1. How many residues, within region 144-177, are in contact (Cβ under 8 Å) with a residue 24 or more places away in the chain and at positive phi?
2. Within region 162-176, can one find any residue that is in a strand (DSSP E or B) and touching a helix residue (DSSP H, G or I) at 6+ places or on another chain (Cβ under 6 Å)?
3. Tally up the residues in region 33-54 that are touching a helix residue (DSSP H, G or I) at 6+ places or on another chain (Cβ under 8 Å), crowded, with 21+ Cβ neighbours inside 10 Å and not in a helix (DSSP H, G or I), please.
4. Look at residue 63 and say whether it is in contact with a helix residue (DSSP H, G or I) (Cβ under 6 Å, 6 or more places away or on another chain), surrounded by 16 or more Cβ atoms within 10 Å (Cβ to Cβ), modelled with pLDDT of 95 or more and over 26 Å from residue 179 (Cα atoms).
5. Inside region 129-158, can you point out the residues that are surrounded by fewer than 19 Cβ atoms within 10 Å (Cβ to Cβ) and farther than 16 Å from residue 40 by Cα?
6. Being under 20 Å from residue 125 (Cβ atoms) and not in a helix (DSSP H, G or I) is the filter here, so list the residues in region 70-79 that pass it.
7. Only one of 123, 65, 113 is in a helix (DSSP H, G or I), in contact (Cβ under 8 Å) with a residue 24 or more places away in the chain and in contact with a strand residue (DSSP E or B) (Cβ under 8 Å, 6 or more places away or on another chain); which?
């Protein structure tokens, strides 16, 4: 099974997610993607036999612009997206500034930032380039499609409590009973 093609097909077949990807593409932001639960939940819903559901929680837009490090730029983009598609809860984060909040070295791109996200299955993003849906997954897609919930390296040790809190608060094991928790 080609996991990238499977994600492209899932997102293209979901009118809500397709609309969100198109809206972000229309803004022409540098290195902009929609990631995390937007993709992860679509895949896990599909693998659990659930019908298309609206994205649960925020629609996480990640972009990379070192020349625009102010949080106010993110809020402006959220406002623009909200005016285009008010049915979504938009969360926009310029990854060029997020390293300091996360206690990491400066990121060099969205893909670099994703390598510091809490779970391998969450470190996935997609964007629409006007012709096709692109998928980025620095840890690969095997864990996502095998229904393995695995913390990334930093969250196995120094940030383990964050991973554990996410596991509890997001109720993944309840929502997706076929998941397997892998602690390393």
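1. Residues in region 144-177 being in contact (Cβ under 8 Å) with a residue 24 or more places away in the chain and at positive phi: 1 in total.
2. Kept after step one, since they are in a strand (DSSP E or B), are these residues of region 162-176: none.
No: zero hits.
3. 3
4. Values: in contact with a helix residue (DSSP H, G or I) (Cβ under 6 Å, 6 or more places away or on another chain): no; surrounded by 16 or more Cβ atoms within 10 Å (Cβ to Cβ): yes; modelled with pLDDT of 95 or more: yes; over 26 Å from residue 179 (Cα atoms): yes.
Spelling it out, it is not the case that residue 63 is in contact with a helix residue (DSSP H, G or I) (Cβ under 6 Å, 6 or more places away or on another chain), surrounded by 16 or more Cβ atoms within 10 Å (Cβ to Cβ), modelled with pLDDT of 95 or more and over 26 Å from residue 179 (Cα atoms).
5. Matches in region 129-158: 129, 130, 131, 132, 153, 154, 156, 157, 158.
6. none
7. Matching residue, one of 123, 65, 113: 113.
Each row is one residue, and each column tells you yes or no for (1) in contact with a helix residue (DSSP H, G or I) (Cβ under 6 Å, 6 or more places away or on another chain); (2) within 27 Å of residue 16 (Cα to Cα); (3) at pLDDT 95 or above.
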| position | (1), (2), (3) |
| --- | --- |
| 121 | yes, yes, yes |
| 132 | no, yes, yes |
| 135 | yes, yes, yes |
| 158 | no, no, no |
| 180 | no, no, yes |
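The values are calculated or read from the model by the stated rules, or taken from the named source; none is laboratory data. Owing to the predicted nature of the structure, the values given are computational and were not obtained by experimental measurement. Virtual Cβ from ideal backbone geometry, glycine too; neighbours counted across all protein chains shown.
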